[in-house]
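Worksheet: one structure, shown below.
Values in this text are rule-based calculations from the coordinates and carry no lab data. Please read all numbers here as calculations on a predicted model, not as lab measurements. Cβ sites come from the backbone with ideal geometry, for glycine too, and all protein chains shown count toward neighbours.
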Amino acid sequence: MAKRSPPISNRVRELREKNGQMSQAALADAIGVTRQTVIAIEQGRYSPSLESAFRIARVFGVGVEDVFGWEEAE
Amino acid sequence: MSPYLRTIALLSVGLLAVFGWHFATVLGFFGNAPETRFDFFIRLGVIMIGFLVVSGIAAAVTARHKENAIMPDDREAIIVLKAERLGGLALYAGLLIVLWFAFSPMTPMQIANAILAVVCASEFIKLLYGMAIMNRPL
């Protein structure tokens with residue numbers, strides 16, 4: 001059985017684009033992960049650690065809950 | 001693939017290629033297989049020292065490419081952990097199979113090569129599984 005994506009949504013891509021078209025590589029450098037990990041987070045294939053989540057939120061100057069949300073199953 | 005994972009994958013492929021050559025000589029496809037314990041350990045030692053040197057060079061080159069590129073990030077650490085877990089299971093299973101056959105008439109050289117083959121198989125499984133889960137949800 002294929003593993004489903006974690007039920008966590010995020011606005012990383014949207015916030016990146018709002019912040020002067022910040023590139024995935026620039027965000028990756030800012031939070032200390034690889035660009036591949038940023039891509040996986042944006043595509044919902046990976047839920048970042050709490051530390052990375054806080055780092056992402058701090059880069060955009062918002063709270064963690066403004067970046068990540070829990071998607072309730074219907 | 002990140003520089004860290006690419007380095008690990010390339011080193012694994014290189015190691016498997018060298019051991020592939022070793023097993024090709026053991027199976028008599030070409031070259032000479034080690035016949036004594038001394039020959040076997042000399043070959044193994046040369047391979048391991050060569051691997052350590054190449055690993056060091058690869059790590060240095062990767063580190064020059066990017067400062068934090070020789071350390072896995074959160075996601076990569078999970079990929080490596082999952083791959084190593086499966087590789088570990090394969091290693092245990094393979095060693096049990098070798099133990100089973102060790103009671104039948106086998107020469108010490110055959111047993112040594114069988115153990116080496118199990119180690120290589122577990123590395124191969126680790127590599128394949130790591131690449132397979134690279135783009136899957138973790």
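Miscellaneous remarks
- Qualifying GluC sites (Glu not before Pro) for the range B:19-90 [loop in DSSP, other Cβ within 10 Å: at most 16]: B:Glu35, B:Glu67
- When the protein assembly as shown is reduced to its Cα atoms, the Kirkwood hydrodynamic radius in Å: 20.2 Å
- Entry note: the range B:3-133 has Rg to Rh equal to 1.03, where both radii use alpha-carbon atoms and Rh is the Kirkwood radius.
- For residues of A:36-43, the mean tally of beta carbons on other chains within 10 Å: 3
- Compactness check for chain A: Cα Rg over 2.2 N^0.38 Å is 1.07.
- Taken residue by residue and averaged, Cβ atoms of other chains lying within 10 Å of the Cβ of B:32-42 number 0.
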